[in-house]
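The values are calculated or read from the model by the stated rules, or taken from the named source; none is laboratory data. Predicted model, so just to flag it, every value in this text is computed and none were measured. Cβ: placed from backbone, ideal geometry, glycine included. Neighbour counts: every protein chain shown.
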Amino acid sequence: MSQSPARPQLAHLTAALDELRAKGTYFKLRILDDQQAPVCHYDGRKVINLASNNYLGLANDPRLIEAALEATRKFGVGSGAVRTIAGTMRIHMELEEKIARFKNVEACVVFQSGFTANAGAVSSILGKEDFILSDELNHASIIDGARLSRARILVFRHKDTAHCEELLKEVANEPGHKLVITDGVFSMDGDIGPVDKLAALAEKYGAIMMVDDAHASGVLGRNGRGSVDHFGMHGKVDVQVGTLSKAIGCLGGYVCGTRDLIDYLYHRARPFLFSTSHPPAVAAACMAAFDILEQEPERIERLWTNTRYFQGELKRAGFNVGGVTTPASETPITPIIIGDGRKTMEFSRALFEEGVMGTGIAFPTVPEGKARIRLILTSEHTKAQLEQALETLERVAKKMGILG
Ligand SMILES: *Cc1c(COP(=O)(O)O)cnc(C)c1O
């Protein structure tokens with residue numbers, strides 16, 4: 001099936017890939033030839049792009065591009081060191097102050113990515129005497145952070161606050177710290193975490209409350225302030241993580257909270273201590289993005305208008321967009337549940353051939369038997385583009401027997 005490996009040491013990797021090929025879930029990376037835009041070219045083919053996290057179209061906004069270029073001319077392309085050695089530039093501090101003001105918190109620390117923000121924060125705040133209560137569908141970066149912390153991990157059923165409370169009770173008399181953690185928006189189903197109820201539970205049991213707002217940043221709350229703002233829970237969530245890589249259009253992650261939380265992370269979070277800080281261009285572009293969030297809330301309105309229209313039409317056509325055996329989306333993340341991994345990948349490829357880019361997602365990213373095409377709307381898709389995508393989705397799905 002595949003070439004035999006030159007060296008036997010890695011033969012098990014080849015075997016694992018062969019297994020994926022046999023199951024039909026092996027994939028090749030699709031290569032973007034131009035900008036991350038509503039219509040663009042992947043692998044030389046023009047497609048309506050419903051696969052990116054570029055919710056507000058900021059990844060190629062001229063103002064972000066200009067800010068990045070200007071910062072590069074002034075400050076160069078690299079920061080030259082990790083933050084704690086010599087790599088903290090004024091522009092890094094300005095970005096952190098800007099995000100803290102935006103999120104209405106005392107302080108903020110920016111990491112290289114949302115992944116490192118989660119992993120770095122969770123693993124440094126908790127230790128091996130402690131307990132982490134984590135939603136079963138939380139993001140991989142939370143899971144990795146939890147494992148690195150060596151705390152005991154107690155997983156509660158998805159959004160099941162009663163189950164979370166049961167677990168909190170079980171460990172209530174243990175001396176260790178407890179952390180309750182949830183995604184603000186779950187990345188594969190698009191449903192919203194019960195941040196209000198979990199924060200109330202955390203309060204009741206004296207636990208630390210943490211939210212990962214990667215998909216809520218720029219999408220939920222006033223001007224995209226996130227799930228804590230959406231639920232009116234300011235001051236009730238101890239650790240707020242966000243990303244700069246999705247709606248903000250650039251790259252990076254951040255943690256928001258008290259001055260002491262951030263100072264502690266400056267001293268203890270390993271990705272902060274041991275990995276180089278952002279190029280000045282990234283920090284400058286992120287700052288320009290936060291200005292746009294404040295000045296152009298209409299982008300977020302367009303995002304939600306597109307979302308309501310598109311999801312409504314998919315339901316009318318008879319697609320399973322979640323809500324039966326999987327959670328129902330409440331955000332622009334739009335799963336089309338197919339179930340079988342092979343069929344899902346075939347559907348994704350057929351859509352691509354017909355000019356629609358929608359990523360197929362199978363095990364282990366989602367549970368076995370719950371493979372799906374995941375589509376994400378942006379504020380920049382036009383009605384005509386969405387109509388064309390809907391027509392293609394329906395036509396291809398009928399041809400493949402996905403729709404009756
Ligand atoms: C994308 C994502 C992250 C990681 O963010 P990056 O900035 O891309 O590293 C973390 N948590 C969730 C829930 C995500 O969806």
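Data table
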item: Helices (runs of 4 or more DSSP H) fully within the range 223-323 counting 1 or more residues that are of a type in the set (Phe, Trp, Tyr) and touching a strand residue (DSSP E or B) at 6+ places or on another chain (Cβ under 9 Å); result: 259-268, 270-274, 297-317
item: Any hit, the range 358-381, residues being of a type in the set (Gly, Ala, Ser) and assigned to a helix (DSSP H, G or I); result: no
item: Where a residue in the range 87-101 is more than 15 Å from residue 280 (Cα to Cα) and its partner, wherever it lies, is acidic (Asp, Glu), with Cβ under 8 Å and at least six apart; result: 100/106
item: Any hit, the range 24-46, residues being away from the ligand (no atom under 16 Å from the Cβ), acidic (Asp, Glu) and assigned to a helix (DSSP H, G or I); result: no
item: Scan of the range 195-218 for residues that are assigned to a loop (DSSP other than H, G, I, E, B) and more than 11 Å from the ligand (Cβ to nearest atom), ordered by number; result: 206, 207, 218
item: Pairs with Cβ under 6 Å, 6+ apart, first in the range 328-355 and over 20 Å from residue 28 (Cβ atoms), second polar (S, T, N, Q) and assigned to a helix (DSSP H, G or I); result: 332/307; 334/311
item: Residue ID - farthest from the ligand (Cβ to nearest atom), chosen from residues in the range 131-147 that are crowded, with 20+ Cβ neighbours inside 10 Å and of a type outside the set (A, V, I, L, M); result: 131
item: Strands (runs of 3 or more DSSP E) within the range 105-194 that include 1 or more residues of a type outside the set (A, V, I, L, M, F, W, C); result: 131-135, 152-156, 178-183
item: Qualifying residue in the range 368-376 (condition: more than 22 Å from residue 191 (Cβ to Cβ) and surrounded by fewer than 24 Cβ atoms within 10 Å (Cβ to Cβ)); result: no
item: Residue that is closer than 25 Å to residue 137 by Cα and either outside the structural domain of residue 214 (by TED's automatic domain parsing) or at pLDDT 95 or above (or both), where the choices are 355, 341; result: 341
item: Filtered residue count, the range 242-251, keeping only those that are under 11 Å from the mean Cα position of the chain (by Cα) and buried (at least 24 other Cβ atoms within 10 Å of the Cβ); result: 5
